[in-house]
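The structure appears below as structure tokens.
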Amino acid sequence: MPPKKIKRVAFIGRFQPFHRGHLSVIEDLLPKFDQILVVIGSSDKFRTPENPFTVGERHAMVKATLDDLGVKPDKFKVVPLPDVDDDEKWPRYVIKTCPEFEAVAITDNSRVEGLFRKFTKKKIIKTKKKYAISATKVREEIVRGADLQKYLPQPVIAFLQKIGAARKIIDIIEEEEAKAEEGEE
């Protein structure tokens, strides 16, 4: 008897940082699939204001959160995905890079949805985040030292405190501003 085929879904995001909106999508997908591929996009981008966290840091946030919830390790797999700056090639690159999956979970990213519809035959699952959270806003709140409870799962908050995320983001912003000033001279 052949082994049972694992029913997988890919959930693609930058997770800068991993927030409650991302978590709500995963919680919705967990009972529907054998395994969720948490695909960390822009894995090659970090130390910019839009991408302050490394792929390793983002992986750690996802893993710590799902471990804390008691999600069994075989129920999810984190897959790093470097950027491919070619819309036509990108969806096929995702398929080639990841373990085989049946569907792609899409939240509010019409660009990703359009690319998968146009260039692949993968099933699209439209998911709703229970929380409308902007990671850009979360990064601003981290810098302000705001209470992050409404945005982030506790394991992510603890991880960000451990790595000094506020200082890290401030340093990145200051580096960008210094580069911009040098370019003006």
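The values are calculated or read from the model by the stated rules, or taken from the named source; none is laboratory data. All of these numbers come straight from a predicted model, not from anything done at the bench. So basically every Cβ, Gly included, is an ideal-geometry build from the backbone, and we count neighbours across all protein chains shown.
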Subset of region 39-73 [β-branched (Val, Ile, Thr) and either more than 18 Å from residue 161 (Cα to Cα) or part of a strand (DSSP E or B) (or both)]: 39, 40, 48, 71
Failed item, numbered, when residue 177 is tested on (1) over 15 Å from residue 53 (Cβ atoms); (2) at pLDDT 95 or above: (2)
Every residue from region 89-103 that is touching a helix residue (DSSP H, G or I) at 6+ places or on another chain (Cβ under 7 Å) and more than 22 Å from residue 29 (Cα to Cα): 90, 92
Matching helices (runs of 4 or more DSSP H) fully within region 74-185 where at least 2 residues are surrounded by 13 or more Cβ atoms within 10 Å (Cβ to Cβ) and small (Gly, Ala, Ser): 165-184
Scan of region 39-55 for residues that are on the phi < 0 side of the Ramachandran plot, touching a residue at least 60 places away in the same chain (Cβ under 8 Å) and in contact with a helix residue (DSSP H, G or I) (Cβ under 6 Å, 6 or more places away or on another chain), ordered by number: 49, 52
Checking residue 36 against (1) touching a residue at least 24 places away in the same chain (Cβ under 8 Å); (2) of a type outside the set (S, T, N, Q); (3) part of a helix (DSSP H, G or I); (4) surrounded by 19 or more Cβ atoms within 10 Å (Cβ to Cβ), the condition it does not meet: (3)
Region 1-26, subset charged (D, E, K, R) and either in a loop (DSSP other than H, G, I, E, B) or out of contact with any Leu (no Cβ under 8 Å at 6 or more places or on another chain) (or both), residue farthest from residue 110 (Cα to Cα): 4
Cβ-Cβ under 9 Å pairs, at least 6 apart or on other chains, region 81-105 side at negative phi, far side of a type in the set (S, T, N, Q) and not in a loop (DSSP other than H, G, I, E, B): 81/97; 82/97; 99/35; 101/35
